[in-house]
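Taking it in order: structure first as structure tokens, then the write-up.
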Amino acid sequence: MIPFYDFYKFVEGTVFYLLLGQAMKGTYLRMRIESMTQGHSIRAADIVASIQKEILNNPSAQGCRLPPIRVLAHQLGLSKNTVHAAYEELISRDLVISKKRQGFFVQTPDPYPPPKRSFQAGQASFRQLFPPLPYFESEDLIHLGNVFVDPQLLPTQQLTECCHSVLNQPGLFNRYDTQGYPTLRQKIAQQLRQRGIPAHEDHIVVTSGSPQSLGIVCLALQNRHIALETPIYPVRKRFLELNSYQVTGLPIDPFCGIDLDLWENAIATEKPNLLYLVSSYHQLTGYSYTTQEMERILELSQKYNFGILEDDWGSDLLSFSEYRAPLRTLGGENVIYMNSFTKKLLPSFRIGYLLGNEENIEVLKAAKHALSLGNSSLIETVLFEFLDRGYYESHLKQLHLNLDKRYQNCLMQLRKRMPKEVKWTTPGGGTTLWLEIPKEIQLSQLKNNLLERQVKIADPIEKSVGSSSLHGFLLGYAYLPEEKLNQALRILGEEINKFLKGSANK
Ligand SMILES: Cc1ncc(COP(=O)(O)O)c(C=O)c1O
């Protein structure tokens, strides 16, 4: 604040009416300058109060110019210092701005004005985290590590219909249901039973997809120590590390199966509380467990007293998945089961679920409540509509046909383009497989060479917990149109061959 009392000059009369017309650089503000004290001279405080009143009462004042200091001083018979002091005060009140060589203007209101502050808050210190992967990538780059399904194959039209239908229903819910919209849970339970998985709607918690499902289970655990397969879907690894969980990596090799003695040693020594695993169609490697492996894992679970969280995200992407019984069916209700609709319906439509049992459902619900209170009833109702109309089943049938075609084409191209030293998994459909390349080829070097030719491969480095004998990367065939995939595989084959020839010539 400036001390106004320093600036006043006696002027006869108390009211001045300034009429300033259109000028070259904008409209001048027309205003009355009054003395607040009858019969007294005008002071800087009077100028401030009068102009402020004019600005606040008159929306059309925004952006207008104020008379130049010398003009106003002349008209009021005051010193230029007095008028200047008044204008400075109007600036500090955010009512007026000064533009270099143009003069003073009434401020145009900012809808979100920064609060005036005399103190600056301190900064929290944050960890260094990997940013999430960019959602959009250059059109010129062919990304062989894309795990998504081509949007052309997704049921956007039917989802739109369901959204419209839900929005046309009278009234929206005014409460969320922590456990999830009850009719949706009934529908999910019914579909699981049709697939041979015993399920009751009361044991289901609807989630916003797999990270929330895992988050709920982890939050409910007493002991923060989790075992998981390695290599691993990187989102899982980051989630556990960020939350300071102790993590035990259990290696899987899709070409030789699982060394369960090695698993048993690790489990016996490290004593995890929970095993998170992807029993069918492991996302990175495409591996699906055999019945024998699943039975041994169930035995280990009893012997070493750990729980199991089965992530069955992939079965719905594979044709004939009805022939692969999940661990939940073999091992019973203590196996917590999770699944997700997002990749099969629309990546932006984030919804999945957990299936617990009579004993753990209350703690799972409590953890969900603590994490998010509840999710969007709107999305839950749209999904219910989609399932209820039978759209999901017909969509999956069509999706399987299309994905199988892409899968077969990918295998054919690999047979044609890859040297004999390269091998790959055959998950039986879906969206991705694992390509294993000779160890003498440096993956980072291969990656750089491919980038120069506009082909990108998934970064293999951060995907494992502990050591993994695998040396390769995930290859996605569900997103790219056939000709793009073929082009990228041709280039990949050429670059791998270059490396092998180079090392043969050494
Ligand atoms: C192992 C695994 N679980 C779950 C999902 C589904 O994830 P979300 O529900 O987060 O889309 C995926 C998708 O790629 C996955 O690879």
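The numbers here are math on the coordinates, done by the rules we state, and not lab data. Please read these numbers as outputs of a predicted model, since none were measured by experiment. FYI the Cβ positions are ideal-geometry reconstructions off the backbone, even for glycines, and counts take in every protein chain you see.
Remind me, relative contact order of region 318-362 in percent, using alpha carbon pairs under 8 angstrom and six or more residues apart?
Details: 36 pairs, mean separation 13.9, N = 45.
Relative contact order comes out at 31 percent.
If the reach is capped at under 16 angstrom between alpha carbons, list the lysines near K456, excluding any in the same chain fewer than eight residues apart.
Counting by Cα, and skipping residues close in sequence, K456 has these lysines nearby: K447, K484.
Return a whole-number percent for the relative contact order of the chain, with Cα pairs under 8 Å and 6 or more residues apart as the contact set.
In percent, rounded to a whole number, it is 17.
Against the longest alpha carbon principal axis of the chain, how many degrees, from 0 to 90 and to the nearest 10, is the axis of helix 391-417 turned?
Helix 391-417 and the main axis of the chain meet at about 70 degrees.
Less than 25 Å apart at the alpha-carbon level, and either on another chain or at least 8 residues along: which lysines does that give for K187?
K343, K344, K365, K368, K397
Setting aside same-chain residues fewer than 8 positions from K303, which aspartates and glutamates have a Cα under 12 Å from its Cα?
Within reach: E264.
Provide M338, M31, M36 in ascending order of the number of other Cβ atoms located within 10 Å of each residue's Cβ, fewest first.
If I rank by nearby Cβ atoms, fewest first, I get M36, M31, M338.
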